[in-house]
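Here is the structure we will look at.
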Amino acid sequence: MKRIQCLKDLKAIESELSNEIVEYLKEEFYSLYEYLSNGEEVEDFLLPFYQSMILLEDEGELSNIMNKQLELEFVEKVNLANGTIFRIGVNVIEDIQLHYAIKITSSDSH
């Protein structure tokens, strides 16, 4: 599992994911920034721990989240050219924390 709380965290995983997936995650991060920021610059913006974006890295982590039926708010399937992202909203401290499970369908991951 990887946690994204700031722009630096997002940039740190760029080399591990395809450009398309990175762009999708950037859009998600910038949407949270627009919604939650208090006027700080994006470089200084820090998501609270309970609202950080969570990248699930294996089937066990995904199963663990999916088995918590009472905490699940939604599960969306986002189809991309080289894979699928499951966007999962989990209730945490009276808010929604976004979790992402990435399924690569292309052999080219970059």
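Normalising by residue count, the chain has a Cα convex hull of 98 Å³ per residue. Sorting Phe74, Phe29 on solvent-accessible area from highest to lowest, probe radius 1.4 Å, gives Phe74, Phe29. A DSSP coil position with no more than 11 other Cβ atoms inside 10 Å describes the following GluC sites (Glu not before Pro) in the range 20-110: Glu40, Glu41, Glu94.
Distance from a point 7 Å along Cα→Cβ of Ala81 to each backbone N in the range 21-45: keep the residues under 11 Å and list them by number. The answer is 21, whose backbone nitrogens lie closer than 11 Å to the label point. Starting from the Cα of Leu72, step 7 Å toward the Cβ, then list every residue of the range 33-63 with an amide N under 18 Å from that point. Residues 54-63 qualify, since their backbone N sits under 18 Å from the label point. Computed with a 1.4 Å probe on the full set of protein chains, the accessible area for Asp95 sits at about 50 Å².
For the chain, carbon and sulfur atoms together expose 48% of the accessible surface, with a 1.4 angstrom probe and every protein chain in place. Work out the count of Lys pairs in the range 1-99 where the Cα-Cα distance is under 25 Å, with the pair 8 or more places apart or on different chains. For the range 1-99, the number of qualifying lysine pairs is 9. Using a probe of 1.4 Å on the protein chains alone, the accessible area found for Ile54 is around 0 Å². Only the Cβ atoms of Lys and Arg (+1) and of Asp and Glu (-1) were treated as charged; on that basis the dipole of the range 49-110 about its Cα centre amounts to roughly 180 debye. Accessible area per residue for the chain is 60 Å², calculated with a 1.4 Å probe on protein heavy atoms, without ligands, DNA or RNA. Loop-located trypsin sites (Lys or Arg not before Pro) in the range 57-110 (DSSP state other than H, G, I, E, B) with a sparse environment of at most 13 neighbouring Cβ atoms within 10 Å: Lys68.
The values are calculated or read from the model by the stated rules, or taken from the named source; none is laboratory data. Keep in mind that what you see is a predicted model, and the values were worked out from it rather than measured. Don't worry about glycine lacking a Cβ; one is built from the backbone with ideal geometry, like all the others, and counts go over all protein chains shown. Ligands, DNA and RNA are excluded from the accessible area calculation, which covers all protein heavy atoms including side chains. Shrake-Rupley method; radii C 1.70, N 1.55, O 1.52, S 1.80 Å.
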